[in-house]
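What follows is calculated from the coordinates using simple rules that are stated; it is not laboratory data. Please read all numbers here as calculations on a predicted model, not as lab measurements. Here Cβ is always computed from backbone atoms with ideal geometry, including for glycine, and neighbour counts include all displayed protein chains.
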Amino acid sequence: MKRLWTPAWIARHVAMVVLVISFLGLGWWQLSRAAAGNAISWGYAVEWPVFAGFVVFVWWREVRHALRAVTSVDGDASASASRAHLAGSAGPGVTTIGAAGAARTDLPRPGIRRPVRVARISVGSGVDDAELAAYNRYLSWLNANPGAKPGDYPG
């Protein structure tokens, strides 16, 4: 829970409160304009509270994500510490855990995965297509003549 009271999180909490109050105030203002006879304000009177709800949704999702990340790292740290204790020593690539929760090298970093490798297979038999060659000549001519129009192409 202490993680949600860092300066960055305090700024997020304040921004959320300011945005929600502002959006609800703008919705109330549009509602009063709509009641006075401005027909288009009815749409805005609904839109601003929806924006406020979206801000609350994103804030709540980020809070849950931050709390879940803290508990998963703590859970992995305790499991790894018990494995290292049972083994008698930390193996290669394993950093021992300090009282302050030192950086660990044996856990995979969340969100970073191996890149996907895609093999490119040639569709053609290696013989140049005449239509493709003509198109490439056309593109080369357009590149060599920057001020020309496509209708000026001699080919």
### Extended-chain gain in nm, criterion 0.36 nm per residue less alpha-carbon gap, Ala133 and Trp9
38.8 nm
### Task
Go through the stretch 5-18 residue by residue and turn each phi into a ³J(HN,Hα) via Karplus (6.51, -1.76, 1.60, θ = phi - 60°); whole Hz please, and just put x for glycine and proline.
10, 7, x, 5, 6, 4, 5, 5, 5, 5, 4, 5, 5, 4
### Query
Among Val14, Val63, Val58, Val116, which comes first, then next, by fewest other beta-carbon atoms within 10 Å?
Val116, Val14, Val58, Val63
### Query
Taking θ as phi - 60°, what are the ³J(HN,Hα) couplings along the stretch 39-56 by the Karplus curve (6.51, -1.76, 1.60), each to the nearest whole Hz, with x for Gly and Pro?
5, 5, 5, 4, x, 5, 5, 8, 5, 5, x, 5, 4, 4, x, 5, 4, 5
#### Entry: Derived scalar couplings ³J(HN,Hα) [the stretch 19-36; Karplus, 6.51 cos²θ - 1.76 cosθ + 1.60; whole Hz; x for Gly, Pro]
5, 5, 5, 5, 5, 5, x, 5, x, 5, 4, 5, 5, 5, 5, 5, 5, 7
